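Input: a single structure, listed below in structure tokens.
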Amino acid sequence: MGFAVGIVCILVGLIVSWPAVAVGAGLTLIFGFLWIRDVSRAHAAAPPVHPEAEGAPDPAAAVPETSHAEAERYPRSKFLEGATLGLGAAIGAVVTVPAVGFALVPAFVDQGHPEIDLGPMDNFAQGEWVITHFELDPVQGEVTRRVAYIRYNGLADNEPSFTIISNRCAHLGCPVQPGGLVQPDKTKDEKTPGGQLVSLTPVVGLSSFTCPCHGGSYDSEGNRTAGPPVRGLDRWTYKIKHGHLVLITNYSVSTVEGTGANAVINKYRLTGPGQHVDGPEQIFYPWQPPTS
Ligand code: FES
């Protein structure tokens, strides 16, 4: 039972969290060791049984010294039992291992995307919001198209500071809309050196984000202000490379204190929409370690 519970913990932990995998591995090792020890002890303690001696009152007396070689012979029933179990295990492994492999392995392999070059920093005027469309992976094309709201905050400690907010609602993932005057006639399409097609549309007076699906509302830093979303809007990490703004990866946010370059962002590993990343509710979701 302990061994089985350990295996279950490992499998659940692979989906839920690494600490559960560690606990499962510990249980599996401990109970596996105890199981093997019990089996080997029982095997060592069992008296040798000669088929012809079954039913004899004293098993030790039933195996005469002279018939030692005959007593060592492997019983046919034991062989058939082992062969049946072994064959069943082999068939089970052939059926199960590929299915489990195809279900679990992709979650751990090649889940990233290349860095995304959004073009020169000059595309982003200080203090102005820009709706930016881009592809996560140009090789995979349109299906990877994403949207971020980007504002250049100016220099902070001699480093360019950007606020880059994902448009994915933190409730169920609908695209949030900007509360400001969108200027489609000023849209600029750019092809970056990496072949990325980037579309930039300025927004004037952006003061909030709203979600059309269930009325979720956020302030201009992405903090939830009303409706069903359980946290703030996700954000992107970035770097400046050869004067270009480059997106690296996205992460989840519980709340943001302050604004622009002075904002203190409570970051978490990227999580799905609808998941709490802090507070007591987070125990119902996979554990999300805070990131720096
Ligand atoms: S998906 Fe945005 S409020 Fe429900």
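The numbers here are math on the coordinates, done by the rules we state, and not lab data. Everything numeric here is computed off the predicted structure, so don't read it as measured data. So basically every Cβ, Gly included, is an ideal-geometry build from the backbone, and we count neighbours across all protein chains shown.
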Query raised in the report: Over what distance in Å are the Cα centres of the stretch 172-245 and the stretch 107-142 separated?
Result: 12 Å
Requested in this report: Among H43, S199, L270, flag the residue with its Cα farthest along the positive direction of the charge dipole of the chain, charges on Cβ as +1 for Lys/Arg and -1 for Asp/Glu.
Outcome: S199
Query - For the stretch 137-152, 3J(HN,Hα) per residue [Karplus equation, 6.51 cos²θ - 1.76 cosθ + 1.60, θ = phi - 60°, Hz, x = Gly/Pro] - result: 9, x, 5, 8, x, 4, 4, 9, 5, 9, 10, 9, 9, 10, 10, 7
Report summary line: Sorted by chain and number, the residues with a modelled amide H under 5 Å from that of N167, at a separation of 5 or more or across chains, are V147, Y149
Report summary line: Taking Cα pairs closer than 8 Å and at least 6 residues apart, the relative contact order of the chain in percent is 13 percent
Report task. Please report, in debye to the nearest 20, how large the charge dipole of the chain is about its Cα centre when each Lys and Arg carries +1 at its beta carbon and each Asp and Glu carries -1 there. Result -> 500 debye
Requested in this report: Would you mind telling me the antiparallel percentage of the DSSP bridges in the chain, rounded to 5?
Outcome: 100 percent
Query raised in the report: For the stretch 107-201, what relative contact order do you get, as a whole percent, if you take Cα pairs closer than 8 Å and at least 6 residues apart?
Result: 28 percent
Query raised in the report: Ordered by packing density, taken as the mean number of other Cβ atoms within 10 Å over each peptide's residues, highest first, how do 191-200, 247-256 rank?
Result: 247-256, 191-200
Query raised in the report: With point charges of +1 on the Cβ of Lys and Arg and -1 on the Cβ of Asp and Glu, referenced to the Cα centre of the chain, which listed residue (C9, P138, A83) lies farthest in the positive direction of the dipole?
Result: P138
Report summary line: Cys residues of the chain with no disulfide-compatible partner (no other Cys Cβ under 4.7 Å) are C9
Report task. Find the percent of Cα-Cα distances in the chain that exceed 35 Å, and round it to a whole number. Result -> 44 percent
**Report entry** Around Q196: net Lys/Arg minus Asp/Glu count, Cβ-Cβ under 12 Å
**Finding:** -3
Query raised in the report: Roughly how many debye, to the nearest 20, is the charge dipole of the stretch 102-253 about its Cα centre, given +1 on each Lys and Arg Cβ, -1 on each Asp and Glu Cβ, and no other charges?
Result: 300 debye
**Report entry** Estimated dipole of the stretch 90-143 in Debye, rounded to 20 [Cβ of Lys and Arg +1, of Asp and Glu -1, Cα centre]
**Finding:** 440 debye
**Report entry** Label point distance in nm, F284-L172, each placed 7 Å from Cα along Cα→Cβ
**Finding:** 1.6 nm
**Report entry** Debye intensity ratio in log₁₀ form over the Cα atoms of the stretch 92-150, taken at each q of 0.12, 0.17, 0.21 Å⁻¹
**Finding:** -0.51, -0.73, -0.89
Requested in this report: Using label points projected 7 Å from each Cα along Cα→Cβ, tell me how many nm separate T225 and D189, to one decimal.
Outcome: 3.4 nm
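What does the C-alpha gyration tensor say about the overall shape of the stretch 114-201? Classify as rounded when a/c is under 1.5, otherwise prolate if a/b is larger than b/c, or oblate. Let's see the in-between values first.
Working: a/c = 1.43, a/b = 1.12, b/c = 1.28.
Here the stretch 114-201 falls in the rounded category.
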